[in-house]
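The values are calculated or read from the model by the stated rules, or taken from the named source; none is laboratory data. Note that the structure is predicted; figures quoted are calculated from it, not measured. Here the Cβ positions follow ideal geometry from the backbone for every residue, glycine too, while neighbour counts run over all protein chains shown. Note: accessible area is taken over every heavy atom of the protein model, side chains too, but ligands, DNA and RNA are not part of it. Shrake-Rupley method; radii C 1.70, N 1.55, O 1.52, S 1.80 Å.
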Amino acid sequence: MQMLTDRIAVVTGASRGIGLAIARRLARSGATVYGLSRSTSHLQEAQDSLAREGVTLHACECDVSDFDAVQATLQSITKDHGRIDILVNNAGITRDTLLLRMGEDDWDQVMNVNLKGAFNGIKAVARTMMKNRYGRIINISSVVGLTGNPGQVNYAASKAGLLGLTKSVAKELASRNVTVNCIAPGYIETEMTGQLSDEVKEKLIAQIPLGRIGSGEDVAHLVHFLASEEASYITGQTIAVDGGMTMM
Ligand code: NDP
């Protein structure tokens, strides 16, 4: 396993699900990991569960949709360590309903967390990464950003927006040795997908060539690789972790 010793990493939405798996994986690889979420109690639970495994998570309560709060939180980490090397924009929400029923607020909330949240994080780290001639930015999109999905107009648009954000920032920062990539998970077992009925789950699994639901760890392995030295020639890419569901 490629070690990330001495690397400073920030993972948004690290209190559970995919973000927690990513934080665990990066910390186990030797990185100093800061996890962001809106809730101190959720973060405390995450910290405690990782501590039981001998892994340290530094917790910061921060709403990624709040531009000023993200700048202040990430500036304080940068001040303490002189830099942030790895930023994983993972925090995300859904407000699913059909277009005709979707309210303005459903649209705004999802765009503000999923897409603007990533912009807010990137704005906070880009200057220092460019100055240091080193950085790894990894945005967690979704296969529905590639394919679209009924009932998820807001969510799919926010996740497709991340693809354009990723490619544009990748082009702007490449000359400073900062890579920017996107991961598009398929169906991953977390609280976000936990509400689905067994019947819906069966139907979803039938569409997955590898025949199983993914885990947070399946995504975390790829984040770890993209964050490592070994991925230094990969930028502006979107890689699906979906058991073969999309095969674009
Ligand atoms: P969960 O709902 O399990 O976890 C979401 C995380 O984001 C929590 O830690 C939550 O913490 C945090 N969060 C939510 N809103 C904010 C906010 N405004 N500011 C800071 N943190 C926030 O989701 P998953 O782990 O399933 O998903 C993680 C990412 O992966 C999301 O971007 C999702 O869209 C994407 N994804 C997930 C798939 C899946 O099948 N699960 C498939 C494809 C993509 P708190 O509530 O404490 O704020």
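Would you mind getting the Kirkwood hydrodynamic radius of the chain from its Cα pairs, rounded to one decimal in Å?
Evaluated over the chain, this radius sits at 18.0 Å.
For the chain, what number of Lys pairs, 8 or more residues apart or on separate chains, have alpha-carbon atoms under 20 Å from each other?
Close lysine pairs found across the chain: 12.
Residues of the chain: accessible area per residue at 1.4 Å, in Å²?
Dividing the accessible area of the chain by its residue count gives 48 Å².
Based on alpha-carbon positions alone, could you give the equivalent ellipsoid semi-axes of region 97-169 from the gyration tensor, as √(5λ), descending, whole Å?
They are 28, 13, 7 Å, listed from largest to smallest.
Work out Dmax and Rg for region 130-248 from the C-alpha atoms and quote the Rg first, both in angstrom.
15.5, 52
May I ask you to compute the full-extension gain from residue 171 to residue 193, defined as 0.36 nm times their residue separation minus their alpha-carbon distance, rounded to one decimal in nm?
4.6 nm
Averaging the inverse of every distinct alpha carbon separation and then flipping it gives the Kirkwood radius. What is it for region 1-147, in angstrom units?
Every distinct Cα pair counted, the radius reaches 15.7 Å.
Figure the gain on full extension for residue 79 and residue 5 (residue separation times 0.36 nm, minus the Cα-Cα span) and round it to one decimal in nm.
24.7 nm
Work out the FRET efficiency for residue 100 and residue 149 from their Cβ-Cβ distance, taking R0 = 22 Å, and round it to the nearest 0.05.
0.90
Rank-order 217-223, 91-97 by packing density, defined as the average count of other C-beta atoms within 10 Å over each peptide's residues, highest first.
Output ranking for 217-223, 91-97: 217-223, 91-97.
Take the solvent-accessible surface of the protein heavy atoms, probe 1.4 Å, and return the percent of it on the chain that carbon and sulfur atoms account for.
50 percent
For residue 242, what residues show an amide H to amide H distance below 5 Å, using hydrogens built from the backbone and excluding near sequence neighbours?
HN-HN under 5 Å from residue 242: 186.
If N is the number of residues in region 146-210, what value comes out of its Cα radius of gyration divided by 2.2 N^0.38 Å?
1.47
Output the 0 to 90 degree angle, nearest 10, between the alpha-carbon long axis of helix 17-28 and the longest principal axis computed from the alpha carbons of the chain.
30 degrees
What does the highest-first list of 119-125, 1-7 look like by mean Cβ count within 10 Å?
Result, highest mean first: 119-125, 1-7.
What do you get for the angle between helix 67-81 and the principal long axis of the chain? Use alpha-carbon atoms, 0 to 90 degrees, nearest ten.
That helix lies at roughly 40 degrees to the long axis.
Taking the Cβ-Cβ separation of residue 131 and residue 61 as r and a Förster radius of 30 Å, what is the calculated FRET efficiency to the nearest 0.05?
0.60
Would you mind checking the tilt of helix 153-173 against the longest principal axis of the Cα atoms of the chain, expressed as 0 to 90 degrees and rounded to 10?
Once rounded, the angle reads 30 degrees.
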